[in-house]
Amino acid sequence: MKNIKGTSRRNFIKNSAGLALAASVFPSFNLYANHKKDDGGLGLADLPDYVSWKDRPSFIIHSDNTIETHRSVLGQTVITPNKYIYVRNNLPSMKQDEIDYVREGEFKDWIVRISGVRSPTIFKLNDLKKLGSKKIVTVLQCSGNGRGFFGHAPRGTQWLTGAAACVEWEGVPVKDVINACGGISSKTKFMTSRGGETIPAMLNPVTTAIERSQPISVIKHAILAWKMNGEDLSLAHGAPLRLIVPGYFGINNIKHLARLDFAEKESSFKIQRDSYRISPHGKKGPQYPSCWEMPVKSWITSPYSKEGVVPSGKVKISGVAMGGMHDVTKVKVSINGGGDWETAKFVGEDYGRFAWRKFELETNLKPGKYILSSKASNSRWQTQPMERMENERGYANNSWLDHSVTINVA
Ligand SMILES: Nc1nc2c(c(=O)[nH]1)N[C@H]1C(S)=C(S)[C@@H](COP(=O)(O)O)O[C@H]1N2
Ligand SMILES: [Mo]
């Protein structure tokens, strides 16, 4: 059996100081064996101001714009409370004064330009809200979640399991917006959305702006959301309006939504054309698949490092499982690195196919070392693979082996 990935020399050098400190605080720090980037919420850095309202101990801070939720924090509840939700910004998050600047303009409100429809329209947020609203629960997950387990240290944030959350959104269905604009042509193949971040004048928007396209089929479920878990969207998560494309990777869920377009072609902006492509090592370009639909995936959230050594006897193994585009129907758990599998039971609420579910398996463990793994399947018989799909930028990792955890039972 293949060993769970060790840490590259590069990461080791970067993190050895934090590790030494961590080891002195948690004597059982060896549980972090394959998670060396995890500072365990020890407070090695402060949260940046725009997310200072979040719960610091629950995060691994990779940078001001890449903040990951600790493994053991997810799955305590099905829906992830806002203060525990990861943050990822390609461009710095919009500031309140930038949003106010739009609001103080001609329309006296946040505006979204809808084009590629029969009657192109500039909507004020307040008027959008009058078109109707619905709630939907989805998994929000960065395409690079699990990148830290790849063997070739792909460029980008070394996310482990915590660039993911399960969130209830509230907003207007995109279909209702299209109808209010007189509909779209039958030739339409893509929906393209753009974030409202101010692009400095010396930069070319084509290479810097956040603009993403998805196949037009996404309008079946997509919404323009202004609420996240019952609260108005925060600056960090895309105030005041955000596109939600259920089942699609995080990057398609455009924050600070400023434009929505319908067209025959996908966007030619760099972030759509060249970035977020699942390409073989050393290759890139628009001919490779875009980070769109998320695959079936699960991972164990407890028992995990924070508890230190796990007492022997009855142990409850739990985690989260998502079906991608289809309902998650089954999760199997192994305590011996994938040698034998037992079916876990789902617990907690079922919020539908785009949410994740919590699973649990109770078992008796004698003292020793165990490799815990989980493997999910969905209603289309798609099952989490043992191996990740190798790719240059380390996207879409759903390997059960990579996401396994080692525990010491005493
Ligand atoms: N406007 C805008 N939308 C964006 C981004 C961004 O930088 N700007 N980042 C994307 C990426 S890569 C991810 S993973 C998610 C992160 O959402 P969160 O910060 O609310 O967790 O937002 C996506 N939407
Ligand atoms: Mo992302």
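Restricting attention to region 107-142, which residues are farther than 25 Å from LYS95 by Cα, touching a residue at least 12 places away in the same chain (Cβ under 8 Å) and part of a loop (DSSP other than H, G, I, E, B)? Quick ask: steps written out before the conclusion?
Residues of region 107-142 farther than 25 Å from LYS95 by Cα: 115-121, 130-139.
Checking which are touching a residue at least 12 places away in the same chain (Cβ under 8 Å) leaves us with 115-121, 131-139.
Listed by number, the residues that qualify are GLY116, ARG118, SER119, PRO120, LEU131, GLY132, SER133.
Residue by residue through region 276-295, note down the ones that are among the charged types (D, E, K, R) and crowded, with 20+ Cβ neighbours inside 10 Å.
At the first step, the residues of region 276-295 found to be among the charged types (D, E, K, R) are 277, 283-284, 293.
Matches in region 276-295: ARG277 only.
Take LYS297 and decide whether it is among the charged types (D, E, K, R), within 16 Å of ligand 2 (Cβ to nearest atom) and either in contact with a strand residue (DSSP E or B) (Cβ under 8 Å, 6 or more places away or on another chain) or not assigned by TED's automatic domain parsing to the domain that holds GLU168 (or both).
Working: among the charged types (D, E, K, R): yes; within 16 Å of ligand 2 (Cβ to nearest atom): yes; either in contact with a strand residue (DSSP E or B) (Cβ under 8 Å, 6 or more places away or on another chain) or not assigned by TED's automatic domain parsing to the domain that holds GLU168 (or both): yes.
Judged against the criteria, LYS297 is a match.
Could you tell me whether any residue of region 327-343 is under 19 Å from the mean Cα position of the chain (by Cα) and within 27 Å of VAL137 (Cα to Cα)?
In the first step, residues of region 327-343 are kept if they are under 19 Å from the mean Cα position of the chain (by Cα); the result is 327-328.
Checking the rest, the ones that are also within 27 Å of VAL137 (Cα to Cα) come to 327-328.
Yes, region 327-343 has at least one match.
With the structure loaded, tell me whether VAL87 is within 16 Å of ligand 1 (Cβ to nearest atom), within 30 Å of MET322 (Cβ to Cβ) and in the same structural domain as LYS255 (by TED's automatic domain parsing) or whether it fails that test.
Numbers: within 16 Å of ligand 1 (Cβ to nearest atom): yes; within 30 Å of MET322 (Cβ to Cβ): yes; in the same structural domain as LYS255 (by TED's automatic domain parsing): yes.
Answer is yes for this residue.
Consider region 155-181. How many of its residues are within 15 Å of ligand 2 (Cβ to nearest atom) and surrounded by 19 or more Cβ atoms within 10 Å (Cβ to Cβ)? Break it down into steps so the answer makes sense when it comes.
Residues of region 155-181 within 15 Å of ligand 2 (Cβ to nearest atom): 155-165, 167.
Checking which are surrounded by 19 or more Cβ atoms within 10 Å (Cβ to Cβ) leaves us with 157-165, 167.
Looking only at that region, the number is 10.
Can you tell me which of LYS270, LYS284, LYS255, LYS297 is under 26 Å from TRP381 (Cβ atoms), in contact (Cβ under 8 Å) with a residue 60 or more places away in the chain and of a type in the set (Lys, Arg)?
Details: LYS270 fails: under 26 Å from TRP381 (Cβ atoms); LYS284 fails: under 26 Å from TRP381 (Cβ atoms); LYS255 fails: under 26 Å from TRP381 (Cβ atoms).
None of the others qualify; the one that does is LYS297.
Being surrounded by fewer than 21 Cβ atoms within 10 Å (Cβ to Cβ) and more than 14 Å from GLY151 (Cα to Cα) is the filter here; which residues of region 379-392 pass it?
Across region 379-392, the qualifying residues are SER379, ARG380, TRP381, GLN382, THR383, PRO385, MET386.
Could you list, in sequence order, the residues of region 296-326 that are out of contact with any helix residue (DSSP H, G or I) (no Cβ under 8 Å at 6 or more places or on another chain), part of a loop (DSSP other than H, G, I, E, B) and crowded, with 19+ Cβ neighbours inside 10 Å?
Selection gives VAL296, PRO303, GLY323, GLY324, MET325.
Quick one: which residue in GLY285, GLY339 is in contact with a strand residue (DSSP E or B) (Cβ under 8 Å, 6 or more places away or on another chain) and either more than 30 Å from ASN229 (Cα to Cα) or away from ligand 2 (no atom under 16 Å from the Cβ) (or both)?
Values: GLY339 fails: in contact with a strand residue (DSSP E or B) (Cβ under 8 Å, 6 or more places away or on another chain).
Criteria check complete, one pass: GLY285.
Residue-by-condition table, conditions (1) acidic (Asp, Glu); (2) under 19 Å from the mean Cα position of the chain (by Cα):
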{"residue": "VAL87", "(1), (2)": "no, yes"}
{"residue": "LYS95", "(1), (2)": "no, no"}
{"residue": "GLU98", "(1), (2)": "yes, no"}
{"residue": "ARG113", "(1), (2)": "no, no"}
{"residue": "ASN145", "(1), (2)": "no, yes"}
{"residue": "TRP159", "(1), (2)": "no, yes"}
{"residue": "GLY162", "(1), (2)": "no, yes"}
{"residue": "CYS166", "(1), (2)": "no, yes"}
{"residue": "CYS181", "(1), (2)": "no, no"}
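Just the residues that are away from ligand 1 (no atom under 15 Å from the Cβ) and basic (Lys, Arg), please, taken from region 249-288.
LYS265, ARG273, LYS283, LYS284, listed by residue number.
Does ARG273 meet the test of being basic (Lys, Arg), away from ligand 2 (no atom under 16 Å from the Cβ), out of contact with any strand residue (DSSP E or B) (no Cβ under 7 Å at 6 or more places or on another chain) and at pLDDT 95 or above? Quick ask: steps written out before the conclusion?
Values: basic (Lys, Arg): yes; away from ligand 2 (no atom under 16 Å from the Cβ): yes; out of contact with any strand residue (DSSP E or B) (no Cβ under 7 Å at 6 or more places or on another chain): yes; at pLDDT 95 or above: yes.
In short, yes.
Restricting to region 227-275, count the residues that are in a strand (DSSP E or B), buried (at least 23 other Cβ atoms within 10 Å of the Cβ) and of a type outside the set (A, V, I, L, M, F, W, C).
2
Note down all Cβ pairs under 9 Å where the first residue falls in region 143-165 and is over 18 Å from TYR86 (Cα atoms), the second is near ligand 1 (Cβ under 10 Å from one of its atoms) and in a loop (DSSP other than H, G, I, E, B), and they're at least six residues apart or on different chains.
From residues that are over 18 Å from TYR86 (Cα atoms), the pairs are PRO154/GLY144.
What number of residues within region 91-101 are surrounded by fewer than 20 Cβ atoms within 10 Å (Cβ to Cβ), in contact (Cβ under 8 Å) with a residue 12 or more places away in the chain and more than 16 Å from ligand 2 (Cβ to nearest atom)?
In the first step, residues of region 91-101 are kept if they are surrounded by fewer than 20 Cβ atoms within 10 Å (Cβ to Cβ); the result is 91-92, 95-101.
So of that shortlist, the ones also in contact (Cβ under 8 Å) with a residue 12 or more places away in the chain come out as 91-92, 95-96, 98-99.
Filter once more, keeping what is more than 16 Å from ligand 2 (Cβ to nearest atom): 95-96, 98-99.
Looking only at that region, the number is 4.
All but one of (1) within 16 Å of ligand 2 (Cβ to nearest atom); (2) of a type outside the set (Phe, Trp, Tyr); (3) within 18 Å of LYS227 (Cβ to Cβ) hold for ARG88; state the number of the condition that does not hold.
Condition (3) is where ARG88 drops out.
Check TYR395 against each of (1) surrounded by fewer than 19 Cβ atoms within 10 Å (Cβ to Cβ); (2) assigned to a loop (DSSP other than H, G, I, E, B) and name the one condition it does not meet.
Going through the list (1) surrounded by fewer than 19 Cβ atoms within 10 Å (Cβ to Cβ); (2) assigned to a loop (DSSP other than H, G, I, E, B), TYR395 breaks only (1).
The values are calculated or read from the model by the stated rules, or taken from the named source; none is laboratory data. Here the structure is a predicted model, which is why all the values come from computation and not from measurement. Glycine also receives a Cβ, built like all others from the backbone with ideal geometry; neighbour counts cover every protein chain displayed.
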